[in-house]
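**Q** Once you've had a glance at the structure underneath, I'll fire off some questions.
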Amino acid sequence: MADILTHLREISFGYSILKGGNINFNDSPGTFLEFCKSNIKNCEFLTRNQISAKSTKFSSEELSTISNGLKLGKFIIDNGIINSNTSNVKWLGNATQSGTAFDIEIDNIPFSLKEDSFILHNMGLYQLVNIITDKVIYKRGLHIFEEFAPQELDQWFKKTRDIVIAKLKEGSFRTEDRQRKNIKLAYTEGKLYLFYNGLELKVDNFSECNYERFKKEIKGVLKEKVFSKFINQEISSCNEYLKAKKHCAEKAGENFVKFLKDNVIENPSPKSLFNLFRITDSNYYYAKTTNNYIEVYNIPSKNEFLNKIKITDISYTVPDSQLNLFTTIENTETGEKLIVRNELRYSHGQLNGTPEAKMYISEGSLLIAYQPIDT
């Protein structure tokens, strides 16, 4: 559903521009899709199930997203940012994984769109490190706990393992996912059995399994859909589990912040912050729209941004068991500060894959670097 709403947020904005800022909307998914495929570049390969959960009509949530896109288009036209007679709309949503900040271009003017979100980046940890230190220290795949708290991660897994065994001795775990596919986790005679939709795996001598063996032997869909799902549903609120997880998070936070402070330059050159703010060679617009408000910012080019901001502090917290990194950024001309928070956490189930480093605005405003367009 998230991908559907993302697609709708982006292409409904382009649709609105092409309709001259008209916010009336009665299209069916099929009619809407055909218009977009015919008039918005790069929409040719979109399918109906990529823009709507149902084939005959949009859901209320989908219509709300479309409505916000239409209102944003009207705002952009009313404020003279885009000419209402334009026919040059190019969707860039299919290229966002390549690292571009842009979702759509109107008359070659790029836009980055959000809806009711304070997320600046959905980044990997390696990107965060390289931004803050202004060095290419790590490549893709950097794991916060494996790199900065390996012993504590192993302890967290072993505690999880022991709780899993204790729970399964009371009876096997059986459930279904949203697609009604069967899930089962069982423990018998020292062996852990995982089942998912016809796939199965046996882990011998599971009571002696450490994190490294767990990582090698339990992979992919069985880890996410079975093992991590069991953690989420059955043990994620257990005190012993949370204590081990928190201990690992605190050690990782302590070591990570020390590493960053040891490697960050005293007055980082602006290029180290270009990616943090998604600053590019040219101006573009960042827009956030909800049912209640519209915010549009003009993002400066690299030359305009140059020498205006620096990192003044790096810290971490672990409320409950969640590791958060805080980076304080100051505008040297105005004294304004922005604090961004990176949540360092697993996104596809506990102990599954490489944790992400989603970045949020914690305190302050994008006004530290961006110019608002008055609403």
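Just so it is clear, none of the values below were taken in a lab; they were calculated from the coordinates. Please read these numbers as outputs of a predicted model, since none were measured by experiment. As a convention, Cβ positions derive from the backbone with ideal geometry for all residues, glycine included, and neighbour counts pool all protein chains shown.
**Q** Specify the inter-centroid distance of the range 4-38 and the range 293-369, based on alpha-carbon positions, in whole Å.
**A** 32 Å
**Q** Moving on. Do any chymotrypsin sites (Phe, Trp or Tyr not before Pro) in the range 224-278 lie in a loop, going by DSSP, with at most 12 other beta-carbon atoms within 10 Å of their beta carbon, and if so which?
**A** Here no chymotrypsin sites (Phe, Trp or Tyr not before Pro) fit, given the DSSP loop and packing criteria.
**Q** So how far apart, in nm, are the two label points at residue 189 and residue 334 if each is 7 Å from Cα heading toward Cβ?
**A** According to this spin-label approximation, the distance is 7.0 nm.
**Q** Here's something else I'd like to know. Rank 214, 264, 287 by how far each Cα sits towards the positive end of the charge dipole of the chain (+1 on Lys, Arg Cβ; -1 on Asp, Glu Cβ) and give me just the farthest.
**A** Final value for the positive-end residue is 214.
**Q** Looking at the chain, which longest stretch skips every one of the GluC sites (Glu not before Pro) that is in a DSSP loop with at most 12 other Cβ atoms within 10 Å, leaving the sites themselves out?
**A** The reported range is 45-169.
**Q** Here is a follow-up. Once label points are set 7 Å from the Cα along Cα→Cβ at both residue 38 and residue 78, what is their separation, rounded to one decimal in nm?
**A** With each label placed 7 Å out from Cα toward Cβ, I get 2.9 nm.
**Q** Considering the values (i) 22.7, 69; (ii) 21.4, 68; (iii) 23.7, 72, which represents Rg and Dmax of the Cα atoms in Å as calculated for the structure under consideration?
**A** Calculated Rg and Dmax of the Cα atoms in Å: the matching label is (iii).
**Q** Between residue 304 and residue 254, how high is the FRET efficiency from 1/(1 + (r/R0)^6) when r is the Cβ-Cβ distance and R₀ = 45 Å? Nearest 0.05.
**A** The pair residue 304/residue 254 has a calculated efficiency of 0.75.
**Q** Can you run phi through the Karplus equation (6.51, -1.76, 1.60; θ = phi - 60°) for the range 18-23 and list ³J(HN,Hα) in whole Hz, with x for Gly and Pro?
**A** 5, 8, x, x, 5, 9
**Q** Out of residues 5 or more away from residue 121 or on other chains, whose amide H comes under 5 Å of its own, with H placed 1.01 Å from N in the peptide plane?
**A** Amide H to amide H, under 5 Å and 5 or more residues apart or across chains, residue 121 pairs with 359.
**Q** Want the number for residue 274 to residue 199: 0.36 nm per residue separation, take away the alpha-carbon distance, what's left?
**A** 22.5 nm
**Q** Using the Karplus curve 6.51 cos²θ - 1.76 cosθ + 1.60 with θ = phi - 60°, work out ³J(HN,Hα) for each residue of the range 278-287 in order, rounded to whole Hz, and write x for Gly and Pro.
**A** My calculation for the range 278-287 gives 6, 7, 10, 5, 10, 5, 8, 10, 10, 10 Hz in order.
**Q** Along the Cα-to-C-beta direction of residue 175, a point sits 7 Å from the Cα; which residues of the range 181-215 have their amide N less than 19 Å from that point?
**A** Label zone hits: 181-187, 193-201.
**Q** Something else: In nm, to one decimal, how far is the residue 54 label point from the residue 291 one, both placed 7 Å along Cα→Cβ?
**A** A separation of 1.8 nm, rounded to one decimal place.
**Q** Follow-up. Under the definition of Cα pairs under 8 Å and six or more residues apart, what whole-number percent is the relative contact order of the chain?
**A** Relative contact order for the chain comes out at 15 percent.
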